[in-house]
Structure formats: C-alpha cells, structure tokens
1. Compute all pairwise cysteine Cβ distances in chain B, then list the cysteines with no distance under 4.7 Å to another cysteine.
2. Could you give the alpha-carbon Rg of segment B:167-261 over 2.2 N^0.38 Å, rounded to two decimals?
3. Out of every Cα-Cα pair in segment A:111-170, what percent are more than 20 Å apart?
4. For segment A:57-116, which trypsin sites (Lys or Arg not before Pro) are both in a DSSP coil and crowded by at most 13 other Cβ atoms within 10 Å?
5. Using 1/(1 + (r/R0)^6) with R0 = 56 angstrom and r between the beta carbons of B:ASP221 and A:ARG108, what's the FRET efficiency to the nearest 0.05?
6. Report, to two decimal places, the Cα Rg of segment B:2-103 normalised by 2.2 N^0.38 Å (N = number of residues).
7. Report, in debye and to the nearest 20, how large the dipole of the protein assembly as shown comes out about its Cα centre when Lys and Arg carry +1 and Asp and Glu carry -1 on their Cβ.
8. Relative to the first principal axis of the alpha-carbon coordinates of chain A, what is the inclination of helix A:244-258, with its axis defined by its Cα atoms, in degrees from 0 to 90 and to the nearest 10?
2 protein chains.
Amino acid sequence: MKSVTSRDNPFYKELKSLAASSQARRKAGRTLLDGVHLCQSWLALRGAPAHCVVSEGALRNPEVAEIVARCESLHAHVTGLPDALFGVLSQVEHGVNLLFLVETPAPRQPQSMTVSSVLLDGVQDPGNVGSILRSAGAAGITQVFCSAGTAFCWSPKVLRAAMGAHFVLEIFENVELGALIDRSGIAVLAMSGHARRKLYEVDLRAPVAWLLGHEGQGVADDLMGRATHQVVIPHAGQVESLNVAAAAAVCFFEQLRQRGA
Amino acid sequence: MKSVTSRDNPFYKELKSLAASSQARRKAGRTLLDGVHLCQSWLALRGAPAHCVVSEGALRNPEVAEIVARCESLHAHVTGLPDALFGVLSQVEHGVNLLFLVETPAPRQPQSMTVSSVLLDGVQDPGNVGSILRSAGAAGITQVFCSAGTAFCWSPKVLRAAMGAHFVLEIFENVELGALIDRSGIAVLAMSGHARRKLYEVDLRAPVAWLLGHEGQGVADDLMGRATHQVVIPHAGQVESLNVAAAAAVCFFEQLRQRGA
C-alpha cells in the first residue's frame, strides 16, 4: 500500500475532482465507488478496481481490511490517506472511508434492441434513476438507454441508490432515443398517465422496451408517438400518478410475473 | 391580504421555525405546504388552509393569484411577504414562493385494521416514505401506520415526494406496530427478501396490511414473527433486493391487479 499525505499530490487532486464533479467523471471516463457495499459488488461482478483508496482509520474495519487484501491479491493499486484528507472525498455521512476508482464501463451500443430494456427520457432525479437501475437489475433486465437529459448514471447519488445494479447492467448514455425506437426489434411501451391501454392487457412474455419520462412532463411527445403502445398503470383512488421509479418497478415486475418467475 | 415586512414579526418567526424544523412542526401540530401543487391539492381535498403565505413577486403568477383569491373567498388568512423574507421559508429551489400553513391532520387511530393498510417500520428516507404514500394513495389504500423510527411524514421532503397523497390518506405516526398487528382484523404481510412465499401466490383480493421495514435491516424480527405471512417479491438476475418504495409499489399494484382494477 502506498501512502499519500499531501493535499498537493496529483492523484489526490484527481480523486477530489472526481468526487466533486460529474463533469470530471464524464471527461476522465473514470468514476468513484463509495463504501463497502459498492466496492464489494464491483469486486464480485467486475473484478479488480483501477485503484483502491482507503483512510488509515478505516483499515481497522474488518470488512474494509478484507477488501483491501483482496485488491492487493489482484494486484490493484491501493493507497492509504490520513482520515482528514479522505473526508472531502466521500459524500456518505458516517461512511467507512473506502473508495474504488474504476474506469467507467463503456459498453458498445447495440444496433437495435433485442432484449428487454429500459429507455429513460429525461429522468432528472438521481434517486429515481438509481432506483430504476436497481429494479431493472432485480427484474433481470440487462440494458438501459438514457437520453442526454437524464441524470448522469455514474454520479454518487445514482450509484448509491442503485446499490451495485450498475455492475450487472449495460448502461448507454447520451442515446438518441428516437432513432433507437425507430429501429427497435421489440415492442416499445411508453408509460403515460393518459394512455388508455392498461398494463395488464399487454402481453409481456416477449421482450419489451420500457420507455419512461421526465418526473413532471413525462415522455416527450415525439417519442410517445414513435412507441409501439402507450400504456397506463390503472389507479384506484384520488392520487393520479406514481413516482417514475415506483411506476418502473410495477412494470418490470408485472413482466416478470407474466413470464412466470 | 395583510403584509409582513419585519423579520421580527412573531408570525414570520413561527413560519421560519416551521420551515426549518420537523421538531417545531410536531410540537405545534402545524405544518407548511410548499408550492402550487401541494396547495392546490389541499384546497381541492381539505378546503381552506389556516393561513396562505405568498411573496409579493409570486402574485404575478396567475396560478398563485388564483389560489390566493380562492383562499380569500374561503376567508382564510392571507399574508404577503417581500421576496427577500420569503426566501428562507422555502426548500424548493426556483419555487414559486407560495405556502399554506395548515393544522397537521391528526386522525383518530382505529382500534384495529379493517381496510387495506400500510405499516412502516423504521423507513428512514423521506423520499422513500413520500413515494410509498403516493403509491398507496394511487392504489386506493387509505390508512398508513408509522412506527416511531419512521421518517416524520409531515416534513418538507416527505410532503414533496408524496405530491399531495397525504391529503387522501389517514396517517398515524408513533404507532406501536406490534400491538396493532396483534389485534389486526386482516392479514398482515411482512415483506422480506428472505421469505419463501411469493407475492403472486398470496390471495390479495381481501384487505391486507403491508408491513415494510428499514432500508437496510428490513422489518424488525419481532414484528416479522407477528405477521400473518412473510412474503417475497420474486427476482430474476443478480441484484437481490429492491428499494423499499419500489417494493411497496409492486405490492400495492399487484393487489389492485388481483382485485381487477
């Protein structure tokens, strides 16, 4: 393990920049995974990180010590920081002061959709995007396509909310959803509170693409028009709409139910 | 409309205190509703607020002007504030500077559960609690019982996430869930990732109580043991658990589906 003790160390400065700014993460093509759960998930699903960063105090935590040992056995770089230097790197209050620096996965976008997928059109809230990724991963969906206006998937809040689902998914960002829908090999179901076709009337046993929109405005009109069907989750009661992440979960698990999970 | 221009005005100080502190809201039995949507919902579902508070600039917004006029026609107090004074009262960035002060609804807790209900055992995140309330309201559920460790339902974040669902629900806080479960007139279904009984195997056409637990630890063991059934949402894929609000939505809408909505 190396030790960094100066705030002027270039690697420490890189970490600080990646911790504070999604722009820096996008530009560098690298991201930080914060905390034991995300780091354990990465190790289990993707192997060694580019770099493991740990505060001196955190090494006394047996879970952290085990992760660090695993990283060393995989020949990953490990760097220790004084607790005071680590503090500004983490957004997790009372966190354990463990980070992985990883190359942001950049899977090659397929020409067309052939497996059940999620399309996010301008979903803004990082907590919603993270919850949708988590539900997708739990429902066995493997591909997620995001428009340019959707929250950056590799930001700390999205990563935290998705609880490691990122690492079982192929996530494509800045996607032209209109073109993707036009050449889709599977049905595209646009979720809308105003649609007439009810979710439970749609045969979901074949792969489908779920198109979900902005928290306030919903799916953009031009995308709505290109979808195979517009679909509503039937409601009872005076509340007329669901949170987009709640709606996503209802859809993904209705598909799983129909497929006889 | 009255005008308040001094930071030392007692009513303004009360507003500041209610805006900043859940403790103050609990103690006063009063809460603030922030923004056009919540205020419109309150007017539609509960009638006049105790007090309508608006910034001078916001009166130029036609939606706000209409709400203010409606409050005046209902003989509610209306107070105007300079924009600078209003600023600290709202947690909504780029909001419209409209607040209702209302008496926090305090419905009398029924002796036992007889209609479909939600039981929240230590759900911590205000966004999750709000999303659960919203989904419950949309699914036609009318009663929500919260343990003392659950996020305060009348906090700004929970109110914002629930989008007015509070006003169609009866919300009971600081409830001894164990005693409530023991005298329940309906089946209590404890959601657990470790249960064997699958959600889709349970007959949900009769009223049930959904018991949902803490984001990390789930439902407490003693409550789990008192429930009628422990139930799992079947998964596919490597992600093993859902966000609690996503799980709640799946449950509530599976019940609605079985009831033939």
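1. Taking the Cβ cut-off of 4.7 Å, the unpaired cysteines of chain B are B:CYS39, B:CYS146, B:CYS153, B:CYS251.
2. Values: Rg = 13.4 Å, N = 95, 2.2 N^0.38 = 12.4 Å.
Computed over Cα atoms of segment B:167-261, the ratio equals 1.08.
3. Working: 274 of 1770 pairs.
Taking all Cα-Cα pairs of segment A:111-170, the fraction more than 20 Å apart is 15 percent.
4. Details: sites: A:ARG60, A:ARG70, A:ARG108; in loops: A:ARG108.
Those satisfying the criteria are A:ARG108.
5. Details: r = 47 Å, r/R0 = 0.83.
For R0 = 56 Å, the calculated efficiency reads 0.75.
6. 0.97
7. On the way: 46 positive and 46 negative charges, 52 e Å.
The dipole magnitude comes to about 240 debye.
8. Rounded to the nearest ten degrees, it is 70.
None of the figures in this text is laboratory data; all of them are computed from the coordinates on show. The structure presented is a predicted model; accordingly, all values stated were derived computationally and were not measured. FYI the Cβ positions are ideal-geometry reconstructions off the backbone, even for glycines, and counts take in every protein chain you see.
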